[in-house]
Amino acid sequence: MTDLRDALTFNERQVFESVLGGRTTSRAAIAEATGLTPPTVSRLVSGLIEARLIEEAADRSGRPGQPRRVLSVRRGQAYSIGVNFIHGRFDLAIVDLCGEVVAVDSVELEQITAEAVAELSADRAAAALGAHRIPAKRVVGAGFSLPGGFAQDGSVLMAHEFFPDLHGRALAPIFSEALGLPCSMDTDGACATLGEFLYGAAVGYDTFFLVHLGHGVGGGAVIDRSLFRGAHGNASKPGVLFPYGAPRPSGQDLVETLHAAGHQITDIADLSDVGDGAAPLIEAWLDRAAAQLAELGRVVTAFLDPEVIFVGGRLPERFNRAIAERLSATTLEGPSRGLLNAPFLPSGLGEHSGVLGAASLPIFRSFFSGSKTSAGNSYSNGRRRPSGESNSAG
């Protein structure tokens, strides 16, 4: 098998994207979706089968006549590493190309520094890969979900205030040198959006927005099946609508609300174990957060006209679901006369949303045609890849 870090051509990416996005599909369906000729599709499919990235089998669903041949992504052939951290905790996962989380490692990390994250990522990744007997040539890269935004050159992180050591630094080369792998990084909102697009509730949608509730209020937008990053990687930051110093629909705001009321909670991770005594306060916070996000929904609908708006992020899954349910049960004023707001739905990624989103970065950039316009902060072999440069040879 060839080294999976080798780039696919643009047409190969289109075919692979069709198979992954549809989970199973046929050669005829790919030709119709991509506009490629049937002979071209057959040639490309044969190449991807030979590379062991996809497989073809008969669909024996009980229909009479000759069984239809369907394509699916081959399990256990390609992997990505995802790294995600919040204040006090570090998470790493090994993710299969199909989106299956093969291994998860979570540790407490008192002080988040670039060097500590790099060293821990290298050590934990090596241990997980060794334990699951995954050879290095099957790992397409590592993705890092980071809190904050980027300076104008797109490589220097402007970190959240909780992570002062990461602020003002170009992190991708540090991480890549430690792991010996191509490393990509993006904002936690962008990573969560990609994860939702590849493996979550957004599978099948072409244009959507995701609200990411964590330390702040982040987000991401997929437009015509491409992640929209903006000029410097800082697009889709809805937190600007909710100033600091005032109530915000963020996970950190909920933590501070509960802590001020006397509950023993200091971080978003503690929300999973909060006691029943906090229920009335949580319900009131959810009501207020939903009302604030309703206005955000009007703005997002007016600017992007998405098919749907997802609610996700670092809050426990039940919180995201409760907010989406509140928004769905309310009649909201549209952005203009006669126009309806995009509906709200909860994220489908669950407890592994952070690491799965981070691991989606290398997968998206290595295998998806849309990555040609959304290749964010990537570093490999001592060279940063400019944002407009494709991994594809054409």
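The values are calculated or read from the model by the stated rules, or taken from the named source; none is laboratory data. Keep in mind it's a predicted model, so treat the numbers as computed, not measured. Neighbour counts run over all protein chains shown; Cβ positions are idealised from the backbone, glycine included.
Tabulated results
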quantity	calculated
In segment 299-325, the residues that are surrounded by 18 or more Cβ atoms within 10 Å (Cβ to Cβ), assigned to a helix (DSSP H, G or I) and in contact with a Leu (Cβ under 9 Å, 6 or more places away or on another chain)	301, 319, 320, 322, 323, 324
Test: residue in segment 116-135 that is in a strand (DSSP E or B), at pLDDT 90 or above and under 23 Å from the mean Cα position of the chain (by Cα)	no
Pairs, first on the phi > 0 side of the Ramachandran plot and assigned by TED's automatic domain parsing to the domain that holds residue 363 in segment 46-73, second at pLDDT below 80 and crowded, with 17+ Cβ neighbours inside 10 Å, C-beta under 7 Å, six or more apart	none
Unmet requirement for residue 351, which otherwise passes all of (1) surrounded by fewer than 24 Cβ atoms within 10 Å (Cβ to Cβ); (2) at pLDDT 90 or above; (3) not in a loop (DSSP other than H, G, I, E, B)	(2)
Positions within segment 79-111 being farther than 20 Å from residue 161 by Cβ, in a strand (DSSP E or B) and touching a residue at least 40 places away in the same chain (Cβ under 8 Å), in sequence order	79, 80, 81, 82, 83, 91, 92, 93, 94, 95, 101, 104
Residues of segment 225-238 that turn out to be buried (at least 20 other Cβ atoms within 10 Å of the Cβ) and not in a loop (DSSP other than H, G, I, E, B), as a count	2
Of all residues making up segment 199-221, the number that are within 23 Å of residue 149 (Cβ to Cβ) and of a type in the set (D, E, K, R)	0
Residues located in segment 112-163, provided they are touching a residue at least 24 places away in the same chain (Cβ under 8 Å), farther than 19 Å from residue 363 by Cα and basic (Lys, Arg)	124
Odd one out for residue 337, checked against (1) surrounded by 14 or more Cβ atoms within 10 Å (Cβ to Cβ); (2) more than 30 Å from residue 157 (Cβ to Cβ); (3) without any contact (Cβ under 8 Å) to a residue 12 or more places away in the chain	(1)
Lone unmet requirement of (1) assigned by TED's automatic domain parsing to the domain that holds residue 321; (2) out of contact with any strand residue (DSSP E or B) (no Cβ under 7 Å at 6 or more places or on another chain) for residue 221	(2)
Matching residues, segment 248-268, being exposed (fewer than 14 other Cβ atoms within 10 Å of the Cβ) and in a loop (DSSP other than H, G, I, E, B)	261, 262, 264, 266
Hits in segment 205-234 - residues which are among the small types (Gly, Ala, Ser) and under 15 Å from the mean Cα position of the chain (by Cα)	214, 218, 219, 220, 221, 226, 233
Candidate set from segment 213-224 (those that are within 22 Å of residue 249 (Cα to Cα) and in a loop (DSSP other than H, G, I, E, B)); member that is modelled with the lowest pLDDT	215
Residues that are at pLDDT below 95 and surrounded by fewer than 23 Cβ atoms within 10 Å (Cβ to Cβ), drawn from segment 183-208	201, 203, 204, 205, 206
Test: residue in segment 192-215 that is without any contact (Cβ under 8 Å) to a residue 60 or more places away in the chain and farther than 20 Å from residue 99 by Cβ	no
Of residues in segment 162-183 being under 15 Å from residue 136 (Cβ atoms) and among the hydrophobic types (A, V, I, L, M, F, W, C), the one nearest to the chain's Cα centre (by Cα)	183
